[in-house]
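Encoded as structure tokens, the structure appears first; notes follow it.
The values are calculated or read from the model by the stated rules, or taken from the named source; none is laboratory data. No experiment lies behind these values; they were computed from the predicted model shown. Virtual Cβ from ideal backbone geometry, glycine too; neighbours counted across all protein chains shown. For accessibility, only protein heavy atoms count, side chains too; no ligands or nucleic acids. Shrake-Rupley method; radii C 1.70, N 1.55, O 1.52, S 1.80 Å.
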Amino acid sequence: MSTPKDPVDAIIEQWAAVRPDLDTAAMEVFGRIFRISRAMGDRMEKAYARYGIARGEFDVLATLRRSDAPYTLSPRQLSATLMLTTGGMTGRLDKLERAGLLRRSPDPHDRRGLQVTLTEKGLTLIDEAVGAGLAAQTEALNTLDAERSTQLADLLRELLAGTQAPEH
């Protein structure tokens, strides 16, 4: 069974017509990764919107949830994990705190520090939202059988490692 052509194939054909000297193999891979990322990002936003949160808020709640009980981290730890500036983190924390999904409190070990803790409401919401997000991802991935899905995950892990190698 042949896989039907996609928009990336059309782009590759156009480049071949105007610049036959180009090796577009990388474009075939990264063009598809980019399009998959955009499409899945949209699906994830829809899945999380049902819970009144956007992807950025999901990331904060999920990071706290993965930290295990008592689901507490410092704003600095959250910022480092999510690669956000402290200003960007503050806006997300403000919104989530107003919604009752987390609370900020003084750090008992550092008079100048704060702790961010998931509330019961936040815990319930993130557990439901992560399930909805995984369902959307699983539905998309079901176009591949289990063996090919595992193979793809392995190949992408390898490619990701290669993109994170230090530059010369």
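Only residues that are surrounded by 11 or more Cβ atoms within 10 Å (Cβ to Cβ) and within 16 Å of Met40 (Cα to Cα) were counted in region 136-148, giving 5. Scanning region 1-18 for residues that are within 18 Å of Leu144 (Cβ to Cβ), β-branched (Val, Ile, Thr) and surrounded by fewer than 12 Cβ atoms within 10 Å (Cβ to Cβ) gives a single hit, Thr3. Among the candidates Arg55, Arg103, Arg65, the residue that is of a type in the set (D, E, K, R), within 19 Å of the chain's Cα centre (by Cα) and modelled with pLDDT of 95 or more is uniquely Arg65.
Residues that are aliphatic (A, V, I, L, M), under 28 Å from Lys46 (Cβ atoms) and either in contact with a strand residue (DSSP E or B) (Cβ under 6 Å, 6 or more places away or on another chain) or surrounded by fewer than 16 Cβ atoms within 10 Å (Cβ to Cβ) (or both) within region 100-128 comprise Leu102, Val116, Leu118, listed in sequence order. Just to be sure I understand the filter: pairs with C-beta atoms under 7 Å, separated by 6 or more residues or on different chains, first member in region 100-126 and assigned to a loop (DSSP other than H, G, I, E, B), second member charged (D, E, K, R) and surrounded by 11 or more Cβ atoms within 10 Å (Cβ to Cβ). Which pairs pass? Pairs that qualify, where the first residue is assigned to a loop (DSSP other than H, G, I, E, B) and the partner is charged (D, E, K, R) and surrounded by 11 or more Cβ atoms within 10 Å (Cβ to Cβ), are Gly100/Lys121; Leu101/Lys121; Thr119/Arg103.
Can Ala80 be described as open to solvent by 60 Å² or more (accessible area, probe 1.4 Å), free of Cβ contacts under 8 Å to residues at least 12 places away in the same chain, of a type in the set (Gly, Ala, Ser) and assigned to a helix (DSSP H, G or I)?
Spelling it out, Ala80 is indeed open to solvent by 60 Å² or more (accessible area, probe 1.4 Å), free of Cβ contacts under 8 Å to residues at least 12 places away in the same chain, of a type in the set (Gly, Ala, Ser) and assigned to a helix (DSSP H, G or I).
When Arg112, Arg76, Arg92, Arg98 are checked against the criterion of being over 30 Å from Leu159 (Cβ atoms) and touching a helix residue (DSSP H, G or I) at 6+ places or on another chain (Cβ under 8 Å), Arg76 stands alone in meeting it.
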